[in-house]
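*Asks:* Next up is a structure, given as structure tokens.
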Amino acid sequence: MINGKLAYSIAEVTDLTDISRSSLYVLWGEGRGPRYMKLGRRRLVRHADLVAWLQTLADATYVRAKLESAPIISENTGGCADEKATAGRPRHRVRLLPRSERAS
């Protein structure tokens, strides 16, 4: 907590996270920003919600890095009807697994 504050204004959140005000509103519009509460016309972000949101961003970055370094698998496509046409070419293709099928 900075100076014992329990909640931060939008200006304070942008200063703390180095995320622009407009980017913060875009994230909220997409449902991906930190939780906030409204007090009249003001939006306030609780300290605990800001910390939890930053942690989910860090976790997502870690998972994304793990998935992007996923192994490439080889898939055998079997024989070819015209062996002369494919002479010298490998008989398999390489593809990446879809993200949903990758092991963590």
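The values are calculated or read from the model by the stated rules, or taken from the named source; none is laboratory data. This is a predicted model, so every value here is computed, not measured. Note that each Cβ is placed from the backbone with ideal geometry, even for glycine, and that neighbours are counted across all protein chains shown.
*Asks:* Among the residues of region 19-36, is any loosely packed, with under 14 Cβ neighbours inside 10 Å, over 19 Å from the mean Cα position of the chain (by Cα) and touching a residue at least 24 places away in the same chain (Cβ under 8 Å)?
*Replies:* Checked against the condition, which is being loosely packed, with under 14 Cβ neighbours inside 10 Å, over 19 Å from the mean Cα position of the chain (by Cα) and touching a residue at least 24 places away in the same chain (Cβ under 8 Å), region 19-36 yields no hits at all.
*Asks:* What do you reckon, is Ala85 surrounded by 10 or more Cβ atoms within 10 Å (Cβ to Cβ), at pLDDT below 70 and in a loop (DSSP other than H, G, I, E, B)?
*Replies:* Values: surrounded by 10 or more Cβ atoms within 10 Å (Cβ to Cβ): no; at pLDDT below 70: yes; in a loop (DSSP other than H, G, I, E, B): yes.
So Ala85 does not fit the description; no.
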